[in-house]
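Report on one structure; see the data block that follows.
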Amino acid sequence: MGRNLAEKIIAAHLVGGGMEPGQEAALRIDQTLTQDATGTMAYLEFESMGIERVKTRRSVAYIDHNTLQSGFENADDHRYIQSVAKKHGIWFSRPGNGICHQVHLERFGVPGMTLVGSDSHTPTAGGLGMLAFGAGGMDVAVAMGGGAYYINMPKVIKVELSGALRPFVTAKDISLEILRILSVKGGVGRVIEWGGEGVKSLSVPERATITNMGAELGATSSIFPSDEVTRAFLKAQGRETDYSPLAPDPDAEYERVIKIDLSALEPLIACPHMPDNVVPVKNLRGVKVDQVCIGSCTNSSLMDMRKAAAMLKGRRISDTVSMSVSPGSRQVLSMLADCGALSDILASGARLLECACGPCIGMGFSPNSGGVSLRTFNRNFEGRSGTADAKVYLVSPETAVASALTGEITDPRSLGLEPIEIEMPASFKLDDSAVIPPAGPDEAAALEVLRGPNIKPFPEGKPVGDSISASLTLKVGDNISTDHIMPAGAKILPYRSNIPRLSAFCFAVCDKDFAKNAKAAGESIIVGGANYGQGSSREHAALVPLYLGVRAVIAVSFARIHAANLINAGILPLTFQDPADYGRLEQGERLLLSGIDAGLDSGEITLTAACGEIKLRCAFTERQKAMLRAGGLLNYTREARD
């Protein structure tokens, strides 16, 4: 039997475990990336391992999240990351150089390699034929130290594309269509492999938009073949030597094949407050729009920006709309300026923002109260924009521009514009001066790592023990995201390296008294519904609850990365054997988890509550059991080295 793309790359990087579905596979990691909202903690964890130099082929530290420097905190973290990168063998992408996923695609991604990043949208690199995973900072730290990255061997869904996109229908609409089909939970435990004749019509930036949005499916990763389109992109980036072809075997097998006719698609829109709440744009015609944002790691490529500029050329946005444009990288911004497209954007009345994540993570440009904001981003979780009651929709750049011009949600096909034809450049403008290489080993030994006063030690887990008696301090529903658990935004992100200060905001959008109640309880348990922990890879959604005394989380089901982060932190993630038992528990009651040590081996733990006994599932690998018994990944790693 032949192999699909994921199986080929996994087989080439397998250093332990097995490749049967559900088995734990240990993978050698070629590259890592971090961004500054997660990077400080990841590098503190790397330092704690006592390894002098990273052992990957390439590790890159990007500054792209916390670029709004309203105090010393963000600047201090940037200085720390730059100094630790210089000392330990990590390349450093300076503030303003661009968003990690866009820059990595342009300058560092290599087909057939593995990549782990402390950002859930790391699978963007799958647009180049990489097998890329979003992970918590601890997993990235271990990978930088030469350790394996562990996944449960995923099943693979193939999405077979035919036909070609019609004018004003885009890769973003393909992403929204697969979300409509599979939902935000449909990719859990799976890799999404894209194939079919229709793939040949999609550029690498378009493919990257699709693999980026795979994170919203809950997928382990998403990947495209590496073909002549890939070669042309790498050649234009001056990196043709990085190219290698990669395709599935003709007799490769898949769990499921989904067929999408590109010529049958139309402009789509994800309605508040979930990326899979998808309808045709034409269904919402006439809804007043207050704000439009173009950019983010999903839609900030040169192609995206030039299409937006072409639609804006000679036109003005509506007086009732505030519009921002965030190019994905310094390369994109420079080329926009050189070709005149930037002038067309500015002349329309749009505002130019920095080459950074910006509004996508609530870092500035929040909507007005109750405002309708159309964004070319990947997430529209409630409150993520920085405005609690905003109504955020996800759209393509073309739909965003059409709506900015009219002041209401508008299908771009209805404007009567000529189709936009933007060709990929034969060569991109190359300037890597904003990427600082690491010092050599001899020079590095004398370098100092610079720490600011906002950088505090991270909390360390303790062994789970054989029983946990604690209060149920919080009960939440389905689809709780990491934005609910540990919000982002301009007011909170500066404290990502200060867990004690950050803890005051934990679960504040669900229960403003949670942090106070958890501290008073000493130790506590959280109960959640289905898909608990969806969204970003931020390990702070596990580290902060750890700091507040959370010992276990019981849910109907977990998102993959968050469950891994809980185990990494030494927090026990458990699921109900019978999902109906979720309704039997009440916030505030006392719970007892007993027989934990034996339960880790048997796969079943008993919960005693006011309603009686409830059976819980704890299906962990041998390595995960050892990690929980040790009190988390770092303790486990230290013990293994000793």
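What residue, among those in segment 422-442 that are modelled with pLDDT under 95 and not in a loop (DSSP other than H, G, I, E, B), is nearest to ARG501 (Cα to Cα)?
PRO441
State all residues of segment 534-553 that are of a type outside the set (Lys, Arg), in a loop (DSSP other than H, G, I, E, B) and modelled with pLDDT under 95; if no residue qualifies, say none.
Across segment 534-553, the qualifying residues are GLY535, SER536, SER537, GLU539.
Test GLY127 against the stated conditions and say whether it is crowded, with 24+ Cβ neighbours inside 10 Å, within 20 Å of ALA219 (Cα to Cα) and touching a Phe, Trp or Tyr at 6+ places or on another chain (Cβ under 6 Å).
yes
Identify all residues within segment 68-85 that are of a type in the set (D, E, K, R), closer than 16 Å to GLU47 by Cα and surrounded by 20 or more Cβ atoms within 10 Å (Cβ to Cβ); write none if there are none.
ASP77
If a residue must be acidic (Asp, Glu) and either part of a loop (DSSP other than H, G, I, E, B) or more than 25 Å from LEU165 (Cα to Cα) (or both), how many such residues does segment 356-413 contain?
Here the count works out to 3.
Yes or no: segment 349-359 includes at least one residue that is out of contact with any helix residue (DSSP H, G or I) (no Cβ under 8 Å at 6 or more places or on another chain), modelled with pLDDT of 95 or more and closer than 22 Å to GLU398 by Cβ.
Yes, that holds for at least one residue.
Of the conditions (1) assigned to a helix (DSSP H, G or I); (2) modelled with pLDDT of 95 or more; (3) crowded, with 24+ Cβ neighbours inside 10 Å; (4) not small (Gly, Ala, Ser), ILE525 satisfies every one except a single condition; which number is it?
(1)
Return the residue satisfying two criteria in turn: it lies in segment 153-185 and is surrounded by fewer than 18 Cβ atoms within 10 Å (Cβ to Cβ) and farther than 30 Å from GLU418 by Cβ, and of such residues it is nearest to the chain's Cα centre (by Cα).
LYS185
What do you reckon, is LEU447 among the aliphatic types (A, V, I, L, M), loosely packed, with under 15 Cβ neighbours inside 10 Å, part of a loop (DSSP other than H, G, I, E, B) and in contact with a helix residue (DSSP H, G or I) (Cβ under 6 Å, 6 or more places away or on another chain)?
Taking the combined requirement at face value, the residue satisfies it.
Where residues in segment 186-210 are among the basic types (Lys, Arg) and closer than 18 Å to THR124 by Cβ, which of them is surrounded by the most Cβ atoms within 10 Å (Cβ to Cβ)?
Only one residue fits best here, namely ARG207.
Just to be sure before I move on: is SER244 within 22 Å of VAL116 (Cα to Cα), touching a Pro at 6+ places or on another chain (Cβ under 9 Å), at pLDDT 95 or above and crowded, with 16+ Cβ neighbours inside 10 Å in the structure I sent?
So SER244 fails the test.
Determine which single condition VAL191 fails, assuming it passes every other condition in (1) under 17 Å from the mean Cα position of the chain (by Cα); (2) in a strand (DSSP E or B); (3) more than 19 Å from THR298 (Cα to Cα).
Answer for VAL191: the failing condition is (3).
Give the number of residues within segment 1-49 that are without any contact (Cβ under 8 Å) to a residue 40 or more places away in the chain and part of a loop (DSSP other than H, G, I, E, B).
0
Any idea which residue in segment 603-625 is nearest to SER467 (Cα to Cα), counting only those that are more than 33 Å from the chain's Cα centre (by Cα) and not in a strand (DSSP E or B)?
Step by step, filter segment 603-625, then rank; the result is ALA610.
Do we find a residue being under 15 Å from THR209 (Cα atoms), touching a Ser or Thr at 6+ places or on another chain (Cβ under 7 Å) and not in a strand (DSSP E or B) anywhere in segment 273-296?
Within segment 273-296, one or more residues are under 15 Å from THR209 (Cα atoms), touching a Ser or Thr at 6+ places or on another chain (Cβ under 7 Å) and not in a strand (DSSP E or B).
For segment 377-413, which residues satisfy the criterion of being within 10 Å of VAL292 (Cα to Cα) and surrounded by fewer than 20 Cβ atoms within 10 Å (Cβ to Cβ)?
GLY407
Hey, could you check segment 495-521 for residues that are free of Cβ contacts under 8 Å to residues at least 60 places away in the same chain and of a type in the set (D, E, K, R) and say which is surrounded by the fewest Cβ atoms within 10 Å (Cβ to Cβ)?
My answer is LYS512.
Name every residue in segment 237-252 that is touching a residue at least 12 places away in the same chain (Cβ under 8 Å) and either under 23 Å from ALA125 (Cα atoms) or touching a His at 6+ places or on another chain (Cβ under 8 Å) (or both), in order of residue number.
Passing the criteria: GLN237, GLY238, ARG239, ASP242, TYR243, SER244, PRO245, LEU246, ALA247, PRO248, ASP249, ALA252.
Residues are listed down the side, and each one gets a yes or a no for (1) within 30 Å of PHE365 (Cα to Cα); (2) among the aromatic types (Phe, Trp, Tyr); (3) in a loop (DSSP other than H, G, I, E, B):
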site: THR67; (1), (2), (3): yes, no, yes
site: SER70; (1), (2), (3): yes, no, yes
site: ASN74; (1), (2), (3): yes, no, no
site: ILE81; (1), (2), (3): yes, no, no
site: PHE92; (1), (2), (3): yes, yes, no
site: HIS101; (1), (2), (3): yes, no, no
site: VAL110; (1), (2), (3): no, no, yes
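When you go through GLY314, GLY340, GLY295, GLY286 one by one, which is the residue that is within 21 Å of the chain's Cα centre (by Cα) and either over 18 Å from SER414 (Cβ atoms) or in contact (Cβ under 8 Å) with a residue 60 or more places away in the chain (or both)?
Residue meeting the stated conditions: GLY295.
Restricting the search to segment 568-593, which residues are polar (S, T, N, Q) and either within 16 Å of SER471 (Cβ to Cβ) or in a strand (DSSP E or B) (or both)?
Passing the criteria: THR575, GLN587.
Working only within segment 367-376, note down all residues that are in contact (Cβ under 8 Å) with a residue 60 or more places away in the chain and surrounded by fewer than 18 Cβ atoms within 10 Å (Cβ to Cβ).
Matches in segment 367-376: ASN368 only.
Within segment 323-355, count every residue that is under 17 Å from SER433 (Cα atoms) and in a loop (DSSP other than H, G, I, E, B).
The total comes to 2.
Looking at THR230 and the list (1) under 16 Å from GLY112 (Cβ atoms); (2) assigned to a loop (DSSP other than H, G, I, E, B), which single condition is not satisfied?
All conditions pass for THR230, except number (2).
Can you tell me which of THR473, THR406 is among the hydroxyl-bearing types (Ser, Thr, Tyr), touching a Phe, Trp or Tyr at 6+ places or on another chain (Cβ under 9 Å) and not assigned by TED's automatic domain parsing to the domain that holds ASN97?
Of THR473, THR406, the one residue that is among the hydroxyl-bearing types (Ser, Thr, Tyr), touching a Phe, Trp or Tyr at 6+ places or on another chain (Cβ under 9 Å) and not assigned by TED's automatic domain parsing to the domain that holds ASN97 is THR473.
Taking the stated definitions as given, is VAL103 among the aliphatic types (A, V, I, L, M) and in contact with an Asp or Glu (Cβ under 7 Å, 6 or more places away or on another chain)?
no
The values are calculated or read from the model by the stated rules, or taken from the named source; none is laboratory data. In this text the structure is predicted, and so the values were computed from the model without any measurement. No Cβ is skipped: glycine too gets one built from the backbone with ideal geometry, and neighbour counts run over all protein chains shown.
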